[in-house]
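Report on the structure given below.
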Amino acid sequence: MRPPKPTVAIISPALRKANNGNWQTAHRWSRFLRAGYDVTLASEWAGPTAGDLAPACLIALHARRSADAVARFADACPKRPLIVVLTGTDLYRDIRSDPAAQRSLELATYLVVLQDEGPFELSTAHRGKCRVIYQSAIACHSHAVDSEYFDVVLVGHMRPEKDPLTAMRSLALLPDDSRIRMTHVGGALDDEYLRAVQALQAQTWPLGERYSWLANLPHAETRRRIAGAKALVISSVMEGGANVIVEAITSGVPVLASRIPGNIGMLGRDYEGYFPPGDAAQLAELLQRASQDIGFLTRLRQQCAQRAPLFAPARERAEVIKLVADALRPT
């Protein structure tokens with residue numbers, strides 16, 4: 001009779017219904033680990049219950065939003081490994097001022113960031129227990145259709161960190177004869193964004209025809225939309241390591257990105273497709289250049305292709321499995 005597999009609990013503040021980056025990471029990691037471990041995936045860990053042993057290892061996504069689960073596990077199982085994955089707002093905001101997030105860093109056996117600029121946000125002591133693990137996606141080859149339009153896609157739920165309003169405003173700054181059309185995938189999490197969508201769609205030609213909002217879509221359909229675009233726009237002011245960048249690059253689709261650390265860590269410091277965060281005019285110029293200059297667009301594709309090996313599923317799988325194996329290795 002085979003001995004039981006060790007149990008690994010993955011805590012994600014967002015689960016399947018949210019359909020966001022945290023969920024995609026948690027779900028993917030659970031698949032990677034199931035061959036060697038019994039994996040549970042939940043939004044909280046309340047502590048061991050009668051007849052239910054504590055997991056051998058806990059992986060918590062987001063230092064602040066999973067802080068209660070981190071603290072409970074550290075208190076109940078002080079000698080068991082605890083991995084905290086810094087996924088975005090915690091890395092670039094919460095750990096600077098939030099006591100609960102800072103406590104999560106202290107309690108963690110290992111810290112994980114999702115791109116190679118991330119460790120620079122940590123103290124020297126915390127950097128010493130940090131690993132960079134890039135997210136991954138299965139290749140989904142582009143099926144962009146030749147047309148008179150230059151179709152771009154914006155993917156992400158509408159909230160301040162994603163700054164969708166900058167992308168929307170850029171459309172009004174394009175010349176009347178621009179070929180650009182933008183499709184936006186993601187829910188409006190605040191009435192401000194819903195009003196902005198409605199106002200943009202109510203505009204007369206050409207502005208009203210340039211923007212299409214599809215709200216929430218299943219993940220597979222979102223990937224098809226990305227693969228069918230000429231470029232992906234990411235206008236965020238804060239990112240831990242955007243999964244949509246991975247999905248664009250593995251689809252052969254170049255990215256037009258705000259110049260923030262989380263995007264630089266994904267695309268590289270020398271990438272040519274950046275614009276200043278919040279600068280709608282510069283984004284409009286970048287969109288127009290990408291739609292008119294085939295040489296520029298080709299360079300962006302080539303630069304993205306050079307980063308693609310970082311986002312291979314086999315690489316992420318091996319690094320996640322090694323992380324947990326190292327954490328569980330007796331010392």
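FYI, it's all coordinate maths here, none of it is from the lab. Every value quoted in this text rests on a predicted model; they were computed, and no experiment measured them. Positions of Cβ are backbone-derived with ideal geometry, glycine not excepted, and every protein chain shown enters the neighbour counts.
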As a test of the formula, what do you get for the chain when each DSSP H run with n ≥ 4 contributes -39,500 (n - 2.57) and the sum is divided by the residue count, at 222 nm and rounded to the nearest 500 deg cm²/dmol?
-11000 deg cm²/dmol
Mean separation of Cα contacts under 8 Å (at least 6 apart) over the residue count of region 172-271, i.e. the relative contact order in percent, is 22
Pop out the ³J(HN,Hα) list for region 127-136 in order, Karplus 6.51 cos²θ - 1.76 cosθ + 1.60 with θ = phi - 60°, rounded to Hz; leave Gly and Pro as x.
4, x, 10, 9, 10, 9, 10, 6, 6, 9
Interchain or long-range residues, amide H under 5 Å from Y211's placed H
M182
Residues L297, L323 in order from fewest to most other beta-carbon atoms within 10 Å are L297, L323
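Rank the residues D176, D98 as a footprinting-exposure proxy: fewest other Cβ atoms within 10 Å of their Cβ go first. Don't jump to the answer; show the numbers that get you there.
Values: D176 7, D98 16.
With the fewest neighbours first, D176, D98 line up as D176, D98.
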For a quick check: with amide H placed at 1.01 Å from N, whose amide H comes under 5 Å from L256's, ignoring anything fewer than 5 positions away on the same chain?
L232, V233, I234
Once phi is turned into ³J(HN,Hα) by the Karplus curve 6.51 cos²θ - 1.76 cosθ + 1.60 with θ = phi - 60°, what whole-Hz value does each residue of region 29-34 show in order, with x for glycine and proline?
5, 4, 5, 4, 8, 5
Between A42 and E148, what is the label-point separation in nm under the 7 Å Cα-to-beta-carbon projection?
5.8
Theoretical gain in end-to-end length, A215 to V237 [0.36 nm per residue, Cα-Cα removed]:
5.9 nm
